[in-house]
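*Asks:* Would you mind keeping the following structure in view while I ask a few things?
The values are calculated or read from the model by the stated rules, or taken from the named source; none is laboratory data. Bear in mind the structure is a predicted one, so any value in this text is a computation, not a measurement. Positions of Cβ are generated from backbone atoms using ideal geometry, with glycine treated the same way; all protein chains shown enter the neighbour counts. The area values use the complete protein model at the heavy-atom level, side chains included, leaving out ligands, DNA and RNA. Shrake-Rupley method; radii C 1.70, N 1.55, O 1.52, S 1.80 Å.
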Amino acid sequence: MPTSRRAPPESTHPAAATCLVLPALLSLFCIDASQAQDLGKLRFSGDFRLRYEYTSEANGSPQTGKEVVRLRAGIAYPLNDWATVRARAATGSPDDPNSTDITLGQFVNDLAVSLDVASVELTRPHWALYGGKFANPFLTTELVWDGDVNPGGVAGRVMLGRTEAVTGSLTALYFVIDQQPNDLSSDMGGGQLAVSARAGSQWKLTAAGAYYDYRIRNLTAADAGDIRTNRLAPSGMAYRSDFDLLDAIVALDYSGFGERFPVRVVGDYVRNLAVDDGPDTAWWIDVFAGRLQGPGQVRGRYGYALVEIDAVLAAFAHDNTTIGSNSETHTLAMDVIPTKGFLLNATLYHFRPHEVAVGTDREFQTRLRLNATVAF
């Protein structure tokens with residue numbers, strides 16, 4: 001939520017903040033808010049999250065406690081029944097693709113806001129095309145793709161044969177990672193085949209297989225947050241390994257315990273086919289119980305992940321802990337919706353390095369996040 005030393009107290013209300021963001025978003029579509037004749041077609045959405053985060057001391061990292069905020073406000077403008085333009089403004093550093101969070105406390109400095117979505121989407125019953133900077137089109141977990149990473153480039157999806165019990169899709173993405181002169185640009189081409197099938201009224205199985213071929217030609221535009229724990233070549237200007245990832249996801253849903261307490265199990269297995277002499281595997285499993293679709297509903301989660309050092313490209317993977325890869329992580333979370341549009345969450349991460357050099361530490365570290373989120 002943007003703050004200012006000069007702003008009146010009422011400007012700190014989420015609704016007031018979104019009113020400041022909306023005119024800038026409208027200008028992206030060449031729409032004058034004072035003169036537009038068809039603003040009724042605009043669809044507006046957003047959320048504001050307040051977080052307290054505590055991280056224990058371990059493995060050379062100090063103990064910290066901080067307050068973090070996030071504000072996102074977006075609009076969608078349907079040009080017709082199959083073409084839509086989208087834009088979203090979000091807090092967070094524009095140089096950090098996997099976080100929209102801002103830590104409070106830097107002498108009450110104003111909060112940075114940038115566009116994390118600006119796209120055109122063409123959707124038909126059997127296919128879809130996306131261009132610009134858009135929401136990730138793949139079925140994902142945070143093992144490979146952090147939820148805040150919105151790729152830029154072009155993507156397309158084709159729906160495969162549909163029956164009452166089985167549906168399928170094929171999705172492709174060309175991701176422009178770093179545009180540089182002299183054939184030094186970095187990019188990624190990837191595709192995913194996904195199938196969903198029902199077995200009776202209580203079971204649903206979803207499976208997806210993906211291949212991501214990254215070409216990271218240089219790291220001149222990267223910073224420590226992009227490299228994180230991946231290994232570097234001796235020059236320090238390139239990764240030691242290439243990243244050609246095979247990613248398999250399986251999700252199983254069961255509704256036999258009643259409408260309020262469905263169970264969902266999600267597994268994700270990744271292997272990097274281009275690792276340079278080192279560990280190449282990562283896997284992740286989550287178990288969810290409960291539903292989050294209305295007031296009074298509760299959901300619990302337990303997760304475990306093991307990520308070897310160059311198994312994933314840490315620049316775009318989750319940033320839930322202080323370790324990007326080479327990690328073991330236990331996750332315990334509880335969500336509750338006390339009233340419409342309001343979500344409370346508590347998440348505990350218990351994590352440590354998977355492998356360390358001789359003579360260094362391998363202690364468990366704990367991170368607790370308490371979140372309150374308002375959707376509008």
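*Asks:* Could you look through region 101-127, keep only residues that are in a loop (DSSP other than H, G, I, E, B) and not hydrophobic (A, V, I, L, M, F, W, C), and pick out the one that is nearest to the chain's Cα centre (by Cα)? Spell out how you get there, then give the answer.
*Replies:* Step one: filter region 101-127 for residues in a loop (DSSP other than H, G, I, E, B), giving 101, 104-112, 125-126.
Narrowing further to those that are not hydrophobic (A, V, I, L, M, F, W, C): 101, 105-106, 109-110, 125-126.
Numbers: Asp101: 12, Gly105: 25, Gln106: 26, Asn109: 26, Asp110: 24, Pro125: 26, His126: 26 Å.
Top of the filtered list is Asp101.
*Asks:* Just to be sure I understand, how many residues within region 39-77 are in a loop (DSSP other than H, G, I, E, B), surrounded by 13 or more Cβ atoms within 10 Å (Cβ to Cβ) and either at negative phi or free of Cβ contacts under 8 Å to residues at least 40 places away in the same chain (or both)?
*Replies:* Just the residues of region 39-77 that are in a loop (DSSP other than H, G, I, E, B), to begin with: 42, 56-57, 59-60, 62-63.
This time we only want the ones that are surrounded by 13 or more Cβ atoms within 10 Å (Cβ to Cβ), so: 42, 56, 59.
Restricting the remaining residues to those that are either at negative phi or free of Cβ contacts under 8 Å to residues at least 40 places away in the same chain (or both) gives 42, 56.
Total satisfying the criteria: 2.
*Asks:* Would you please list the contacts, defined by Cβ atoms under 6 Å and residues six or more apart or on different chains, that run from a residue in region 106-129 that is within 24 Å of Lys66 (Cα to Cα) to a residue that is in a strand (DSSP E or B) and of a type in the set (S, T, N, Q)?
*Replies:* Partner pairs satisfying both residue conditions: Leu111/Thr91; Val113/Thr91.
*Asks:* Return the only residue of Asn98, Asn80 being among the polar types (S, T, N, Q), part of a loop (DSSP other than H, G, I, E, B) and touching a residue at least 40 places away in the same chain (Cβ under 8 Å).
*Replies:* Numbers: Asn80 fails: touching a residue at least 40 places away in the same chain (Cβ under 8 Å).
Unique residue meeting the criteria: Asn98.
*Asks:* While we're on this one: Spot the failing condition for Arg162; the list is (1) closer than 24 Å to Leu246 by Cα; (2) outside any strand (DSSP E or B); (3) among the basic types (Lys, Arg), and only one is missed.
*Replies:* Tallying (1) closer than 24 Å to Leu246 by Cα; (2) outside any strand (DSSP E or B); (3) among the basic types (Lys, Arg), Arg162 fails exactly one: (1).
*Asks:* Restricting attention to region 155-166, which residues are of a type in the set (A, V, I, L, M, F, W, C) and crowded, with 17+ Cβ neighbours inside 10 Å?
*Replies:* Kept after step one, since they are of a type in the set (A, V, I, L, M, F, W, C), are these residues of region 155-166: 155, 158-160, 165-166.
Answer for region 155-166, where residues must be of a type in the set (A, V, I, L, M, F, W, C) and crowded, with 17+ Cβ neighbours inside 10 Å: just Ala155.
*Asks:* Residues of region 128-153 being part of a loop (DSSP other than H, G, I, E, B) and open to solvent by 20 Å² or more (accessible area, probe 1.4 Å), which ones? Let's see the steps before the verdict.
*Replies:* Here is the first cut: in region 128-153, the ones part of a loop (DSSP other than H, G, I, E, B) are 134-151.
Scanning region 128-153 gives Ala135, Asn136, Leu139, Thr140, Glu142, Gly147, Asp148.
*Asks:* If you go through region 90-110 one residue at a time, how many are surrounded by 13 or more Cβ atoms within 10 Å (Cβ to Cβ) and closer than 25 Å to Ile177 by Cα?
*Replies:* The total comes to 11.
*Asks:* A further question on this structure: Can you tell me which of (1) assigned to a strand (DSSP E or B); (2) open to solvent by 30 Å² or more (accessible area, probe 1.4 Å); (3) of a type outside the set (D, E, K, R) is the one Gly225 doesn't meet?
*Replies:* Exception for Gly225: condition (1).
*Asks:* Continuing with this model, one more query. Look at region 78-89 and say how many of its residues are of a type in the set (A, V, I, L, M), under 16 Å from Leu122 (Cα atoms) and surrounded by 21 or more Cβ atoms within 10 Å (Cβ to Cβ). Steps first, answer last, please.
*Replies:* We begin by selecting, within region 78-89, every residue of a type in the set (A, V, I, L, M); these are 79, 83, 85, 87, 89.
Narrowing further to those that are under 16 Å from Leu122 (Cα atoms): 79, 83, 85, 87.
Still in the running and surrounded by 21 or more Cβ atoms within 10 Å (Cβ to Cβ): 87.
Residues meeting the conditions: 1.
*Asks:* With Leu143, Leu129, Leu184, Leu122 as the choices, which residue is under 27 Å from Asp242 (Cβ atoms), at pLDDT 95 or above and not acidic (Asp, Glu)? I'd like the intermediate steps shown before the answer.
*Replies:* Working: Leu129 fails: under 27 Å from Asp242 (Cβ atoms); Leu184 fails: at pLDDT 95 or above; Leu122 fails: under 27 Å from Asp242 (Cβ atoms).
Going through Leu143, Leu129, Leu184, Leu122 in turn, just one is under 27 Å from Asp242 (Cβ atoms), at pLDDT 95 or above and not acidic (Asp, Glu): Leu143.
*Asks:* Would you confirm whether or not region 224-234 contains a residue that is at pLDDT 90 or above and closer than 30 Å to Pro262 by Cα?
*Replies:* no
*Asks:* Shifting gears a bit: So in region 195-222, with the set limited to residues that are in a strand (DSSP E or B) and aliphatic (A, V, I, L, M), which one is farthest from Asp96 (Cα to Cα)? Spell out the reasoning first.
*Replies:* Start the filter on region 195-222 by keeping residues that are in a strand (DSSP E or B), which leaves 195-199, 203-215.
In the following step, the residues that additionally are aliphatic (A, V, I, L, M) were identified as 195, 197, 199, 205, 207-208, 210.
Values: Val195: 32, Ala197: 37, Ala199: 42, Leu205: 34, Ala207: 30, Ala208: 28, Ala210: 25 Å.
Once the filter is applied, the top-ranked residue is Ala199.
*Asks:* Kindly establish whether Gln179 is more than 22 Å from Gly267 (Cβ to Cβ) and open to solvent by 20 Å² or more (accessible area, probe 1.4 Å).
*Replies:* Working: more than 22 Å from Gly267 (Cβ to Cβ): yes; open to solvent by 20 Å² or more (accessible area, probe 1.4 Å): yes.
It is true that Gln179 is more than 22 Å from Gly267 (Cβ to Cβ) and open to solvent by 20 Å² or more (accessible area, probe 1.4 Å).
*Asks:* Oh, and also: Is one or more of the residues making up region 333-343 modelled with pLDDT of 95 or more and either in contact with a Gly (Cβ under 6 Å, 6 or more places away or on another chain) or under 20 Å from Gly60 (Cα atoms) (or both)?
*Replies:* yes
*Asks:* Quick one: which residue in Phe364, Phe351 is without any contact (Cβ under 8 Å) to a residue 40 or more places away in the chain and among the hydrophobic types (A, V, I, L, M, F, W, C)? Reasoning before the result, please.
*Replies:* Details: Phe364 fails: without any contact (Cβ under 8 Å) to a residue 40 or more places away in the chain.
Only one candidate qualifies: Phe351.
*Asks:* Would you pick out the residues in region 347-376 that are part of a strand (DSSP E or B) and not aliphatic (A, V, I, L, M)?
*Replies:* Going through region 347-376, the residues part of a strand (DSSP E or B) turn out to be 347-353, 365-375.
Result: Thr347, Tyr349, His350, Phe351, Arg352, Pro353, Gln365, Thr366, Arg367, Arg369, Asn371, Thr373.
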